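The values are calculated or read from the model by the stated rules, or taken from the named source; none is laboratory data. A quick note: this is a predicted structure, and the numbers were derived from the prediction, not measured. Glycine gets a Cβ as well: all are built from the backbone with ideal geometry, and neighbour counts include every protein chain shown.
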């Protein structure tokens, strides 16, 4: 009976999650980029609000979506205009959050995250499909779900690893022996790894199930 209960919980978590289905960047004038974001919601819902913060070469775009209890699905698409101070190399981190409150979004419930590296001015379109599939940038986690150890498989030299819980709270960081993470002391749930490689940032979502 126990395996059936565990499977039901895992399936419930999967079908109740939002996730990013598309991310495109284009130049919009001399000092602005347009971020086109596509998001899947497992219920009837709508876009609420967003914040965009630039810290040196790191741009963090946080978008919040209101999810109702009604059946159905929502495929949402929004454009975000972000002012860029200088033409240089940037890393864009996109975080999406869910809210059950139609009036307020406190950006606590992190659902999915994606990262794109680019240089301005942008020529043409930069998207997940044109950057994430390069073999030289391959980076994967195993086993998923994790139990006691999570391994990072890549040919790249990892400088730093940050571990976050499902709400986006930083749990710890690691700068040595970064090829694996000890997860034996963590509870079941959804977590995120932020992996820094040569000034680029990769974000990976994974689960722990013991």
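See the values below:
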item	result
Selection status of residue 66, assigned to a strand (DSSP E or B) and farther than 26 Å from residue 206 by Cα	no
Near pairs, Cβ below 6 angstrom, 6+ apart or cross-chain, from the range 61-84 (on the phi > 0 side of the Ramachandran plot) to any residue that is surrounded by 11 or more Cβ atoms within 10 Å (Cβ to Cβ) and assigned to a strand (DSSP E or B)	none
Among the residues listed as 94, 149, the single one being more than 24 Å from residue 26 (Cβ to Cβ), modelled with pLDDT of 90 or more and out of contact with any helix residue (DSSP H, G or I) (no Cβ under 7 Å at 6 or more places or on another chain)	149
Residue check, residue 89 in contact (Cβ under 8 Å) with a residue 60 or more places away in the chain, more than 14 Å from residue 34 (Cβ to Cβ) and surrounded by fewer than 18 Cβ atoms within 10 Å (Cβ to Cβ)	yes
Single residue of the range 151-178 satisfying the filter (part of a strand (DSSP E or B) and over 18 Å from the mean Cα position of the chain (by Cα)) that is nearest to residue 189 (Cα to Cα)	151
Meets criteria (surrounded by fewer than 13 Cβ atoms within 10 Å (Cβ to Cβ), under 25 Å from residue 46 (Cβ atoms), at pLDDT 85 or above and out of contact with any helix residue (DSSP H, G or I) (no Cβ under 8 Å at 6 or more places or on another chain)) for residue 83	no
Any hit, the range 113-122, residues being under 22 Å from residue 165 (Cβ atoms), modelled with pLDDT under 90, in a loop (DSSP other than H, G, I, E, B) and touching a strand residue (DSSP E or B) at 6+ places or on another chain (Cβ under 8 Å)	no
